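Structure record follows, encoded as structure tokens.
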Amino acid sequence: MNKLTATSVSIGLVGGLMSWIYLGILGAAVAIPVSFIAWGAFAAAGGKNKDILGTATPLIYGAIVAWITAMIIMPQVGNVIGNAAIANALSVGISVVALIYGTGKIKAVAATPVAVYGYAAFFALVLSGTASGLTDASLTGNPLLFVAGFGIAGTVFGLIANNLAASIGK
């Protein structure tokens with residue numbers, strides 16, 4: 001089997017398996033896009049064993065910055081500015097400056113796009129009401145744990161697909 005076909009088949013099989021696990025066993029449908037975002041970032045980073053850490057770390061960093069924004073910055077700015085839309089917009093602006101600056105200063109989180117994916121996935125979960133318990137201990141209730149757990153899982157599924165493609169392709 002040629003490389004393109006092997007890669008296509010392996011991603012389809014492993015992606016289908018991942019989706020079945022999330023939908024059929026865990027009941028966590030929104031975990032599918034979070035894991036595929038991490039999987040895609042992992043593939044873009046090179047898709048090798050060493051790239052798991054280089055993908056998961058900035059993804060989690062982005063989610064941590066978003067969590068700090070939702071837990072600390074938004075409430076504090078909201079206390080100063082009475083308009084929630086303006087306060088939240090300022091909070092996002094402030095936190096994104098810190099997010100991007102951190103990717104330039106901390107080597108372990110230097111993959112700026114992946115950090116942005118983690119930040120965005122966090123707020124997508126919060127704004128959709130899927131996972132909004134900022135202090136919950138539940139994987140599916142806390143958006144930080146959700147992004148971290150299913151993001152790491154996505155990189156692992158990506159690695160499995162890459163290994164499968166390598167074993168069936170030429």
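The values are calculated or read from the model by the stated rules, or taken from the named source; none is laboratory data. Computed from a predicted model, the values in this text were never measured in an experiment. Cβ atoms come from the backbone with ideal geometry, glycine included; neighbour counts cover every protein chain shown. Side chains included, ligands, DNA and RNA excluded: accessible areas come from the protein's heavy atoms. Shrake-Rupley method; radii C 1.70, N 1.55, O 1.52, S 1.80 Å.
Screening Ala115 on (1) within 17 Å of the chain's Cα centre (by Cα); (2) open to solvent by 50 Å² or more (accessible area, probe 1.4 Å); (3) closer than 14 Å to Ala38 by Cβ shows it passes everything except condition (2). All told, Pro113 falls short of being modelled with pLDDT under 95 and assigned to a helix (DSSP H, G or I).
For region 124-143, which residues satisfy the criterion of being closer than 18 Å to Ala29 by Cβ and either assigned to a helix (DSSP H, G or I) or of a type in the set (A, V, I, L, M, F, W, C) (or both)?
Quick first cut of region 124-143, residues closer than 18 Å to Ala29 by Cβ only: 124-133, 138-143.
Passing the criteria: Ala124, Leu125, Val126, Leu127, Ser128, Ala131, Leu139, Pro143.
When region 7-30 is filtered for residues that are of a type in the set (Gly, Ala, Ser) and at pLDDT 95 or above, the ones remaining, listed by number, are Ser8, Ser10, Gly12, Gly15, Gly16, Ser19, Gly24. Suppose the filter is open to solvent by 10 Å² or more (accessible area, probe 1.4 Å), in a helix (DSSP H, G or I) and closer than 15 Å to Val147 by Cβ; does Ile100 pass it? Here the answer is no, as Ile100 does not meet what is asked.
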